[in-house]
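The values are calculated or read from the model by the stated rules, or taken from the named source; none is laboratory data. Because the structure is a prediction, the values reported are computed rather than measured. Cβ placement follows ideal geometry from the backbone for every residue including glycine, while neighbour counts extend to all protein chains displayed. These accessible areas exclude ligands, DNA and RNA; they are computed on the full protein's heavy atoms, side chains included. Shrake-Rupley method; radii C 1.70, N 1.55, O 1.52, S 1.80 Å.
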Amino acid sequence: MRTVTERFEITHFEQLQLIQDEQLSSLTITAQALAGSNVQSSTYTSVTFSSCVFQACSFKQVKFINCTFKQCNFEFSHLYACHFENCIFEDCQWPASSTHGCSFVDCELDTWLSALTETHENVLHYTFAERQQEAEDVRNMMAAAFVAA
């Protein structure tokens with residue numbers, strides 16, 4: 001298990017790796033290339049992935065929280081039961097890739113990823129709409145109380 005919680009940059013190439021129980025936080029990962037690797041039961045918090053290539057990779061039960069993916073390529077990669085929360089995807093490529101049973105909470109998805117999430121029991125959830133409704137309900141209650149007084 002690798003746990004990193006410092007701000008530094010990772011750039012490297014790995015192939016056919018088993019990455020399990022990895023904990024990375026507050027990092028920038030630039031131009032990393034993973035080929036044929038399996039990433040399992042890991043958590044990435046506030047990590048920026050920029051110009052990374054994930055070719056023929058499998059992601060299983062991986063959590064991404066407050067992460068950003070910029071111009072990444074997920075060619076022939078598959079995501080199973082992964083959790084994305086407050087993540088941003090910008091100009092990523094998803095050729096021949098799939099998502100299965102993944103959850104996307106308050107994420108900004110690019111066009112390709114949006115299309116991938118429409119099948120295979122993926123869940124998209126946006127809590128900001130619920131928070132807006134709750135705030136409006138409170139304002140209405142306060143206004144009604146003011147008028148009644």
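Near the amide H of Leu27, under 5 Å away, which other amide H atoms are found, from residues 5 or more places off or on another chain, if H is placed in the peptide plane?
For Leu27, the qualifying residues are Val47, Thr48.
First check a/c for segment 18-80, with a ≥ b ≥ c the square roots of the eigenvalues of its C-alpha gyration tensor; if it is under 1.5, answer rounded, and if not, answer prolate when a/b is larger than b/c or oblate otherwise. Could you put the intermediate results ahead of the total?
On the way: a/c = 1.75, a/b = 1.07, b/c = 1.63.
Oblate is the answer for segment 18-80, as a/c is 1.5 or above yet b/c matches or exceeds a/b.
How would you classify segment 11-122 from its alpha-carbon gyration tensor, with a ≥ b ≥ c the square roots of the eigenvalues: rounded for a/c under 1.5, else prolate if a/b is greater than b/c, otherwise oblate?
Numbers: a/c = 1.25, a/b = 1.17, b/c = 1.06.
Judged from the Cα gyration tensor, segment 11-122 comes out rounded (a/c under 1.5).
Using a probe of 1.4 angstrom, how much of the accessible area of segment 25-111 is carbon and sulfur, in percent?
Roughly 45 percent of what the probe reaches on segment 25-111 is carbon or sulfur.
Solvent-accessible area per residue for segment 22-96 at a 1.4 Å probe radius, Å²? Numbers along the way, then the final one.
Numbers: 2820 Å² over 75 residues.
For segment 22-96, the solvent-accessible area averages 38 Å² per residue.
Set the Förster radius R0 to 35 Å, insert the Cβ-Cβ distance between Ala145 and Glu121 as r into 1/(1 + (r/R0)^6), and round the FRET efficiency to 0.05. Let's see the in-between values first.
Values: r = 44 Å, r/R0 = 1.25.
Step by step, r from the Cβ atoms, then E = 0.20.
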